[in-house]
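One structure below.
The values are calculated or read from the model by the stated rules, or taken from the named source; none is laboratory data. Because the structure is predicted, anything quoted here is derived from the model rather than measured. Cβ: placed from backbone, ideal geometry, glycine included. Neighbour counts: every protein chain shown. For the accessible areas, the whole protein counts, side chains as well, though only heavy atoms, and no ligand, DNA or RNA atoms are used. Shrake-Rupley method; radii C 1.70, N 1.55, O 1.52, S 1.80 Å.
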Amino acid sequence: MAARLCRLRRPLTAAFSSAAAAGAGQAPPAEPLTELRQAGGVRTIVLNNPRRRNALSLPMLQSLRRDLLHDVKSRELRVIVIAAEGPVFCSGHDLKELSSEDDVKHHSQVFELCAEVMTLIQKLPVPVIAKVNGLATAAGCQLVASCDIAVASEKSQFATPGVNIGLFCSTPAVALGRSLPRKVALEMLFTGEPLSAHEALMHGLISKVVPEDKLEEETMKISQKICESSKSVLALGKATFYRQISQDLDTAYKITTKVMVDNLTLRDGQEGIEAFVQKRKPVWSHSQEKK
């Protein structure tokens with residue numbers, strides 16, 4: 001894999017690091033760093049700083065966190081899609097923020113907020129889908145790996161090239177190591193070489209690969225299917241999945257056995273069974289109320 005894709009190293013490294021140089025010394029962009037729009041239960045959050053390769057600067061992370069948490073308990077919110085403007089989905093951290101001009105306290109703030117956002121995605125009560133159309137590197141690759149589902153266009157690529165500039169992608173490795181086989185993750189981390197979209201699919205980093213002109217359609221198809229289910233049931237299922245996945249087999253079954261019983265006590269748990277028996281469509285309450 002590394003030899004075949006070696007020719008891609010230079011553009012990938014450039015995309016990863018150029019966020020630090022692009023626009024240096026200029027005023028912040030007038031446009032919001034993220035854009036939020038919502039319709040039919042689907043919230044789309046768009047990373048909106050293509051001039052800086054949608055780098056996860058401190059303000060970008062703050063804006064993304066704000067959009068993820070906005071009215072998150074609303075019954076109208078059923079799924080979140082993270083997308084991006086421009087040819088780079090996300091280039092990772094803004095390296096300008098990580099220079100020696102800033103102190104250790106500031107550097108810690110950047111990485112701590114990034115970790116908070118990545119873990120927040122898995123704690124949200126709704127599924128989060130990454131819609132990737134372009135390059136995702138370093139913390140941008142971490143963002144994709146942290147989402148529940150990831151749909152990518154055929155032109156997308158994924159890399160953790162920090163090693164090439166002397167900053168090993170240790171925090172991206174947390175999400176990467178939980179999404180990919182260990183040896184695949186370590187090759188990415190040690191070499192900085194990219195995975196193509198099809199390789200990322202084969203190894204489990206993403207869920208689907210589609211032609212670029214089908215990306216929106218496929219993402220909405222998945223989103224709309226999710227919207228057909230009970231929000232409260234999905235929230236319970238998502239939380240349980242992440243809780244049990246790191247446990248040993250016996251503990252995982254103890255956790256999920258109890259959750260299955262709890263699920264049956266929910267109003268929507270019984271509504272679903274009754275609707276199936278009565279051969280009708282369920283009418284979901286989307287509430288955590290018990291019957």
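Miscellaneous remarks
- Residue under evaluation ILE206, criteria (1) among the hydrophobic types (A, V, I, L, M, F, W, C); (2) open to solvent by 80 Å² or more (accessible area, probe 1.4 Å); (3) in contact with a strand residue (DSSP E or B) (Cβ under 7 Å, 6 or more places away or on another chain), criterion not met: (2)
- Listed by position, the helices (runs of 4 or more DSSP H) contained in the stretch 195-277 that have at least 3 residues being under 27 Å from ALA84 (Cα atoms) and within 20 Å of the chain's Cα centre (by Cα) are 197-203, 215-227, 231-244.
Conditions (1) in the same structural domain as ASP268 (by the TED database); (2) modelled with pLDDT under 95; (3) under 30 Å from SER285 (Cβ atoms); (4) under 13 Å from the mean Cα position of the chain (by Cα), marked per residue:
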{"position": "MET60", "(1), (2), (3), (4)": "no, no, no, no"}
{"position": "VAL81", "(1), (2), (3), (4)": "no, no, yes, yes"}
{"position": "PRO87", "(1), (2), (3), (4)": "no, no, no, no"}
{"position": "ASP94", "(1), (2), (3), (4)": "no, yes, no, no"}
{"position": "LEU98", "(1), (2), (3), (4)": "no, yes, no, no"}
{"position": "SER108", "(1), (2), (3), (4)": "no, yes, no, no"}
{"position": "LYS123", "(1), (2), (3), (4)": "no, no, yes, yes"}
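- The residue that is nearest to THR240 (Cα to Cα), among those in the stretch 268-291 that are open to solvent by 100 Å² or more (accessible area, probe 1.4 Å) and either among the charged types (D, E, K, R) or in contact with a strand residue (DSSP E or B) (Cβ under 9 Å, 6 or more places away or on another chain) (or both), is GLN288.
- Residue selected from the stretch 224-267 under the condition of a type in the set (Ser, Thr, Tyr) and over 16 Å from ARG75 (Cβ atoms), by the criterion least open to solvent (accessible area, probe 1.4 Å): THR240
- Scanning the stretch 268-291 for residues that are under 20 Å from ARG78 (Cα atoms) and among the aromatic types (Phe, Trp, Tyr) yields a single hit, TRP284.
- Pair list, Cβ < 6 Å and 6+ apart or interchain, from the stretch 111-123 residues that are over 17 Å from LEU47 (Cα atoms) to residues that are aromatic (Phe, Trp, Tyr): GLN122/TYR242
- Residue within the stretch 188-197 that is open to solvent by 40 Å² or more (accessible area, probe 1.4 Å) and not aromatic (Phe, Trp, Tyr) present: no
- Sub-9 Å Cβ pairs linking a first residue in the stretch 159-184 that is farther than 14 Å from ALA136 by Cα to a second residue that is among the charged types (D, E, K, R) and open to solvent by less than 70 Å² (accessible area, probe 1.4 Å), at least 6 apart or interchain, are VAL184/GLU199, ordered by first then second residue.
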